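First up is the structure itself, then whatever we jot down about it.
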């Protein structure tokens with residue numbers, strides 16, 4: 001845990017000086033390590049690409065840490081339980097994901113960056129910015145909520161058409177209730193609802209490309225070809241940080 | 001924050017622990033029911049979904065300050081959407097003990113940016129009345145330290161370095177908290193009650209004000 005600096009006073013109490021973290025997303029992070037985030041809808045191939053990049057970085061001798069959305073020990077269980085029962089309203093859903101992220105930021109991401117590792121984030125705050133807004137949370141409110149996040153050195157957006165996203169998921173499984181956005185009641189048909197809801201998510205991602213300077217990778221290309229593009233973009237970031 | 005659009009009323013009590021808020025609200029609930037109004041008392045950390053996790057995590061002392069703020073906001077949001085809004089919608093008089101103002105003050109003292117916290121709680125519904133139980137620090141501290149359950153690591157502000165031990169940290173943290181209540185009382189037009197007087201005085205005053213609200 002990050003303990004604040006404190007100055008001891010004569011009466012034994014301490015004056016607390018805490019850093020203001022609410023402007024973090026506006027400035028580059030001060031840590032030794034590198035933070036690379038990947039974003040995109042389910043079935044965009046981003047996890048595969050991240051996995052391959054991790055193998056490559058490790059073979060080059062870099063220490064890596066992979067961190068996945070909605071995986072903190074603290075709250076992921078509550079989120080799963082709430083989803084199962086279908087009782088979460090949009091605001092609570094959004095706040096629980098933010099709590100999960102804050103916990104991972106504190107206990108996984110920042111410590112790894114301080115040690116000088118390459119942190120690979122499979123989904124970052126942009127997932128929440130896209131999904132929560134698609135779920136009708138206020139854009140301004142969600143951006144404020146996540147303003148404490150560490151700014152990634154680079155964010156990659158694996159872009160695929162929504163139909164391809166669905167086709168790729170269907171190879172192994174059926175989209176679940178929340179992935180399909182069934183809570184939004186856009187259609188009574190699960191697949192139609194998925195297409196409509198994820199379509200909204202893609203629109204949000206697209207609108208963030210410029211705002212957050214995403215590196216867009218065409219997720220419809222062949223896997224090795226995408227991987228080459230991905231690595232070519234990672235090299236300069238690594239060189240800049242580690243020389 | 002949006003104004004209360006529902007037929008029910010949202011009545012809030014704010015003030016340091018040990019200022020008699022819960023006792024007053026329980027008595028007021030009975031009084032309202034005798035008068036024929038449906039009333040319910042609520043406080044934070046009653047949301048079945050989140051409260052247990054908060055308590056477990058507090059024992060482990062692994063919560064960072066931002067995580068602490070967010071998980072409490074999630075707990076509040078769950079309570080708000082599943083209990084408070086339906087109750088207001090059904091015409092209940094909701095008596096809420098320590099609403100968002102306490103959270104905002106505590107989060108601010110935990111080092112969060114004030115605008116960030118205000119925006120975080122923007123989804124809450126603006127109360128119809130906020131009673132501010134005004135207590136001198138010494139009296140509140142005395143009552144707090146007499147309680148059976150000692151204030152924990154987080155409640156005393158030890159997690160963010162407010163003092164080397166629970167006792168010193170608690171005094172320091174509560175001093176700062178009192179300052180924040182005083183500021184907010186002016187800013188948000190709280191209705192002050194002198195909580196150093198016997199409880200009968202406060203009850204009489206609350207009844208008087210609620211009668212005006214319910215008849216008006």
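The table below lists the values:
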item	result
Residues satisfying the stated conditions in region B:101-116, i.e. part of a helix (DSSP H, G or I), at the interface with another protein chain (Cβ under 9 Å from one of its Cβ atoms) and in contact (Cβ under 8 Å) with a residue 24 or more places away in the chain	B:109
Out of A:168, A:139, sole residue that is within 14 Å of residue A:40 (Cβ to Cβ) and over 15 Å from the mean Cα position of the chain (by Cα)	A:168
Hits in region A:141-184 - residues which are within 14 Å of chain B (Cβ to nearest Cβ), closer than 30 Å to residue A:235 by Cβ and surrounded by fewer than 17 Cβ atoms within 10 Å (Cβ to Cβ)	none
Residue pairs meeting the criteria (Cβ under 8 Å; at least 6 apart or on separate chains; first without any contact (Cβ under 8 Å) to a residue 60 or more places away in the chain, in region A:100-128; second in a strand (DSSP E or B) and surrounded by fewer than 20 Cβ atoms within 10 Å (Cβ to Cβ))	A:108/A:65
Any hit, region B:44-53, residues being within 20 Å of the chain's Cα centre (by Cα), at pLDDT 85 or above and crowded, with 22+ Cβ neighbours inside 10 Å	no
Region A:82-93 - residue that is more than 7 Å from chain B (Cβ to nearest Cβ) and in a helix (DSSP H, G or I) and, of those, surrounded by the fewest Cβ atoms within 10 Å (Cβ to Cβ)	A:85
Selection count, region A:185-199, where residues are surrounded by fewer than 16 Cβ atoms within 10 Å (Cβ to Cβ) and under 18 Å from residue A:132 (Cβ atoms)	1
Some residue of region B:152-161 being more than 10 Å from chain A (Cβ to nearest Cβ), in a helix (DSSP H, G or I) and within 30 Å of residue A:23 (Cα to Cα)	yes
Qualifying residue in region B:80-94 (condition: part of a helix (DSSP H, G or I), farther than 30 Å from residue B:207 by Cβ, modelled with pLDDT of 90 or more and at the interface with chain A (Cβ under 10 Å from one of its Cβ atoms))	yes
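The values are calculated or read from the model by the stated rules, or taken from the named source; none is laboratory data. Given the structure is predicted, the values throughout are model-derived calculations rather than measurements. Reconstructed Cβ throughout: ideal geometry from the backbone, glycine too, with neighbour counts over all protein chains shown.
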